[in-house]
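Chemist: Sharing a structure with you now.
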Amino acid sequence: MWEREGRAFSMYKRMPSRDRSDIMDVEENSAFSQDSMDVETTNPSMWLSFPHVVVGTLSSFLFGYHLGVVNEPLESISLDLGFSGNTLAEGLVVSTCLGGALIGSLFSGWIADGVGRRRAFQLCALPMIIGASTSATTKTLVGMLIGRFLVGTGMGIGPSAVALYVTEVSPASVRGTYGSFIQIATCLGLMVALFIGIPVKEIAGWWRICFWVSTIPAGFLAVAMMFCAESPHWLYKQGRIAEAEAEFERLLGGSHVKYAMVELAKLDRGDDADTVKLSELFYGRHFRVVYIGSTLFALQQLSGINAVFYFSSSVFKSAGVPSDVANAFIGVANLSGSIIAMLLMDKLGRKMLLLWSFFGMAISMLVQVAAANTFVSGSASLYLSVGGMLMFVLTFALGAGPVPSLLLPEIFPSRIRAKAMAICMSVHWVINFFVGLLFLRLLEQLGPQLLYSMFASVCMMAVVFVKKNVIETKGKSLQEIEVALLPQE
């Protein structure tokens, strides 16, 4: 077995001048690893890494908060800043974040690799603090847009940083559970934003408070990261071996440091100092994993989840449900699904959750198609619409929502992990933007039946794609996952 691993390792590195020494080193490490595996009979305590993960997921809380912070106050903002009735201006206030997020996500991988995971979080929090403060104090539309754009850049850096950090500091046995914290934190951020926005119609200028509130968790994130562990994987890539060992001791406990360092040595050694070229990611030896990651995010966004969020208020309104109650229903469904996913992630596995999530979303969209059928009576149509929408959000939160952000850092080799995540997140934001831009127009031209049928088809395509291309990563070390996805060259 170890001989096969040595051959795969040397083949993957592809350094002919050093083949002999590489194989000898791998054999030595393999023997060392075998000895350490004899004592590696228990999993590391999850509570050592728990506080570090919680602090990191504050960026996801802020992500969710800023996605929802303008939903309720938008009307008051437009009145106070003098653009009431201007739908273009209102749309810009909502969507300017997406432009900033795309810029932030494009550079997120280079930031995370250049300054480390902890400082990437601080660079994520800084524009959020400045941007939220700008939006809270502005008296013009331009000031609001500048603030929203700055917040968006932080929102673009955050998802990549937290996905990398949680993957690299979590024990393999609970990595899926901790990865679900990202989605749960995002849901909580959305719900808190909606809750804080409730008094906006009764209290003049309350929308400014909504922006000020976000600076508190952002400031806490920036300060608390100074006391959190740095990613041992990043430290090892920088040649800071002793610091990597010290951080593993903080995260896993002293008895697991030796084994973790052996695994890291097998995973990260050889070509980490080389510059990652874009050609490697787009059509080189790493194309397959980048293709899988980008396609997963594309299918996630094309499944119709944002369309459901955009259209949910009108569906609930037609059923006689107030918008704040409707938002609460959607939030509870999202949070419930995320909590269930957290409990199942390390039991059923990532692939199983993805398969059943996309399948459930397809069924939910077909329920929506049935609701739009002219043969269905009015009351039945409303029940089907509301039920299908809540079922769609719940099944999305079970897998399609949380799994891609966890799975991708697991399947990306350490050398390209940050930059590959940046590319995949950029795909996410571009498609997110176009779905938001075109959804209402497509709904008018195609009608709900055809459009929701298209979304159901995308979900079924996702089931087939996951079945054929995604490997199970539950309980596996990052080294084991990388070996499983080695290019056969």
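The values are calculated or read from the model by the stated rules, or taken from the named source; none is laboratory data. All of these numbers come straight from a predicted model, not from anything done at the bench. Cβ placement follows ideal geometry from the backbone for every residue including glycine, while neighbour counts extend to all protein chains displayed. Remember, those area values only see protein heavy atoms, side chains included, never the ligands or the DNA or RNA. Shrake-Rupley method; radii C 1.70, N 1.55, O 1.52, S 1.80 Å.
Chemist: Restricting to Cα pairs below 8 Å that are 6+ residues apart, what does the relative contact order work out to for segment 299-451? Please round to a whole percent.
Modeler: Relative contact order of segment 299-451: 33 percent.
Chemist: Would you kindly calculate the translational diffusion coefficient of segment 56-102, applying Stokes-Einstein with the Kirkwood radius from alpha carbon pairs, for 4 °C and a viscosity of 1.567 mPa s, and quote it in µm² s⁻¹ without decimals?
Modeler: 111
Chemist: Looking at the square roots a ≥ b ≥ c of the eigenvalues of the Cα gyration tensor of segment 118-191, which shape do they give, rounded for a/c under 1.5, prolate if a/b is larger than b/c, or oblate?
Modeler: Prolate shape, in that a/c is at least 1.5 and a/b is the bigger ratio.
Chemist: Roughly speaking, what is the stretch gain from residue 329 to residue 467, that is 0.36 nm per residue apart minus the C-alpha to C-alpha distance, in nm to one decimal?
Modeler: Between residue 329 and residue 467, full extension yields 46.5 nm more.
Chemist: Can you tell me which lysines have their Cα less than 27 Å from the Cα of residue 467? Leave out same-chain residues fewer than eight positions away.
Modeler: Filter leaves 347, 351, 419, 476.
Chemist: Here's a follow-up. On C-alpha positions alone, give me the angle between the axis of helix 305-318 and the longest principal axis of the chain, in degrees, nearest 10.
Modeler: Approximately 30 degrees, to the nearest ten.
Chemist: Could I have the simple spin-label model distance between residue 75 and residue 94, label points 7 Å from Cα toward Cβ, reported in nm to one decimal?
Modeler: 1.4
Chemist: Keeping the other protein chains in place, figure out the carbon and sulfur percent of the accessible area of the chain, with a 1.4 Å probe.
Modeler: 66
Chemist: Considering Cα pairs under 8 angstrom that are at least six residues apart, work out the relative contact order of segment 167-300 and quote it in whole percent.
Modeler: It comes to 17 percent, rounded to a whole number.
Chemist: Which whole-angstrom value gives the distance between the alpha carbon centres of segment 182-232 and segment 147-161?
Modeler: When both Cα centres are located, 13 Å separates them.
Chemist: Also, quick follow-up: Please work out the FRET efficiency for the pair residue 336 and residue 242, using the Cβ-Cβ distance as r and a Förster radius of 56 Å; give the result to the nearest 0.05.
Modeler: 0.80
Chemist: Also, quick follow-up: Once the mean 1/r over all distinct Cα pairs of the chain is inverted, what Kirkwood radius in angstroms do you read off?
Modeler: One decimal place: 23.5 Å for the Kirkwood radius.
Chemist: Let me ask something else about it. Average projected area of the Cα convex hull of segment 365-489, in nm²?
Modeler: Projected over every direction and averaged, the Cα hull of segment 365-489 covers 9.8 nm².
Chemist: Taking 7 Å along the Cα-to-C-beta vector as the label spot, tell me the residue 139-residue 363 distance in nanometres, rounded to one decimal.
Modeler: 5.7
Chemist: Projected area of segment 144-278, taken from the Cα convex hull and averaged over every viewing direction, in nm²?
Modeler: Average of the hull's projected areas for segment 144-278 equals 11.1 nm².
Chemist: Can you pull the Kirkwood radius for segment 409-479, inverse mean 1/r over Cα pairs, to one decimal in Å?
Modeler: 15.1
Chemist: Now a separate question. Under a point spin-label approximation (7 Å from Cα along Cα-to-Cβ), what is the residue 373-residue 87 distance to one decimal in nm?
Modeler: Using points 7 Å along Cα→Cβ, the separation is 3.2 nm.
Chemist: Mind ranking 162-173, 147-158 by how tightly packed they are, going by the mean number of other C-beta atoms within 10 angstrom, highest first?
Modeler: Top to bottom by mean Cβ count within 10 Å: 147-158, 162-173.
Chemist: Can you list the chymotrypsin sites (Phe, Trp or Tyr not before Pro) in segment 351-441 that are in a DSSP coil and have 15 or fewer other beta carbons within 10 angstrom?
Modeler: Taking segment 351-441 and a limit of 15 other Cβ atoms within 10 Å, the loop chymotrypsin sites (Phe, Trp or Tyr not before Pro) found are 375.
Chemist: Assuming 0.36 nm per residue, please report the length gained on full extension of the stretch residue 287 to residue 460 beyond their Cα-Cα distance.
Modeler: In short, 59.9 nm is gained.
Chemist: So for segment 64-170, considering every pair of alpha-carbon atoms, how many percent are separated by more than 16 Å?
Modeler: When all Cα pairs of segment 64-170 are counted, 57 percent exceed 16 Å.
Chemist: Another question about this same structure. Over the chain, what is the relative contact order in whole percent, taking alpha-carbon pairs under 8 Å and six or more residues apart?
Modeler: 22
Chemist: With axes computed from alpha carbons, what is the tilt in degrees of helix 117-137 against the longest principal axis of the chain, rounded to the nearest 10 within 0 to 90?
Modeler: Between helix and principal axis, roughly 20 degrees.
Chemist: Next up: So what is the calculated 222 nm ellipticity per residue for the chain, using -39500 (n - 2.57) for each DSSP H run with n of 4 or more, over all residues, to the nearest 500 deg cm²/dmol?
Modeler: -26500 deg cm²/dmol
Chemist: Which of the peptides 440-451, 112-123, 176-187 is most tightly packed, and how do the rest follow, going by the mean number of other Cβ atoms within 10 Å of each residue?
Modeler: For the peptides 440-451, 112-123, 176-187, the packing ranking is 176-187, 112-123, 440-451.
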